[in-house]
Amino acid sequence: MKEIDAVILANGDYPSASTPLQILKEAPYVVCCDGGANEHIAKGYLPDIIIGDGDSLSEENRIKHASLIHHNPDQETNDQTKAVQYLLSNGKKRIAIVGATGKREDHTIGNISLLMEYMRMGAEVRSYTDYGVFVPCKDTCSFECRKGQQVSIFNFTAKGLKEKGLAYPIYDFTIWWQGTLNTCTDTSFTIEAEGEYLVFLNYK
């Protein structure tokens, strides 16, 4: 995803690695998930919009930046999803998410697994952590990489999983750990499949 329409800053740990920080800095449009705005504003930035139910946004920011707040009280989904829905409704489908991991492991797992749902909703989405990038995929997909770069594959609904350009053969994983810690053997790799799976590319 070379060009993006918007970046979502979630309410996990604020990014510290160069890749997500650069993505956030160069974003054409920034959506903060509720409390994710607190540290972003403290660092001297202003998002284009703050989305959520307001439960983790500081009182000071709630008052000072009231014009930026898009209140969504829906308790049946999380703020990251509300942000994706808002962007899609405004024609922005190429979305990068940062700050979605850390603080609470249950929130981290939820935010990562929701990437599959966003893909089904029509978003071209990736989630950038301080260590790598999660990419939801469907059917056969190819990726640029570096020789020796580590790759993990998490199967959701895919059948007939095969690989080209990875060190270890893949198959129809039924447990998430089974597809972890593979390695690129060339400058690109391809995963052949029918169905959905999640790819994690380690930066190093």
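The values are calculated or read from the model by the stated rules, or taken from the named source; none is laboratory data. This is a predicted model, so every value here is computed, not measured. Heads up, the Cβs are rebuilt from the backbone with ideal geometry, glycines too, and the neighbour counts pull from every protein chain shown.
Descriptive notes on the structure:
- For region 48-91, the candidate set comprises residues that are without any contact (Cβ under 8 Å) to a residue 24 or more places away in the chain, touching a helix residue (DSSP H, G or I) at 6+ places or on another chain (Cβ under 6 Å) and closer than 23 Å to LEU115 by Cα; within that set, the residue that is surrounded by the most Cβ atoms within 10 Å (Cβ to Cβ) is ILE50.
- Evaluated against (1) in contact (Cβ under 8 Å) with a residue 12 or more places away in the chain; (2) in a loop (DSSP other than H, G, I, E, B); (3) loosely packed, with under 14 Cβ neighbours inside 10 Å, TYR45 falls short on exactly one condition, (3).
- Positions within region 136-152 being assigned to a strand (DSSP E or B) and in contact with a Ser or Thr (Cβ under 8 Å, 6 or more places away or on another chain), in sequence order: CYS141, SER142, PHE143, GLU144, GLN150, VAL151, SER152
- Neighbours by Cβ (under 6 Å, 6+ apart or cross-chain): first from region 173-197, more than 16 Å from LYS162 (Cβ to Cβ); second among the hydroxyl-bearing types (Ser, Thr, Tyr): THR180/SER152
- For region 153-182, residues that are in contact with a Gly (Cβ under 6 Å, 6 or more places away or on another chain), assigned to a strand (DSSP E or B) and loosely packed, with under 13 Cβ neighbours inside 10 Å total 1.
- Selection within region 116-133 - hydrophobic (A, V, I, L, M, F, W, C) and farther than 18 Å from ALA27 by Cα: MET116, MET119, MET121
- Subset of region 125-152 [surrounded by fewer than 17 Cβ atoms within 10 Å (Cβ to Cβ) and of a type in the set (Asp, Glu)]: ASP139, GLU144
- Here VAL30 meets the list (1) touching a Lys or Arg at 6+ places or on another chain (Cβ under 6 Å); (2) of a type outside the set (Lys, Arg); (3) farther than 26 Å from CYS141 by Cα; (4) at pLDDT 95 or above almost entirely, failing just condition (1).
- Test result for ARG120, modelled with pLDDT of 95 or more, in the same structural domain as SER18 (by TED's automatic domain parsing), among the basic types (Lys, Arg) and over 24 Å from TYR14 (Cα atoms): yes
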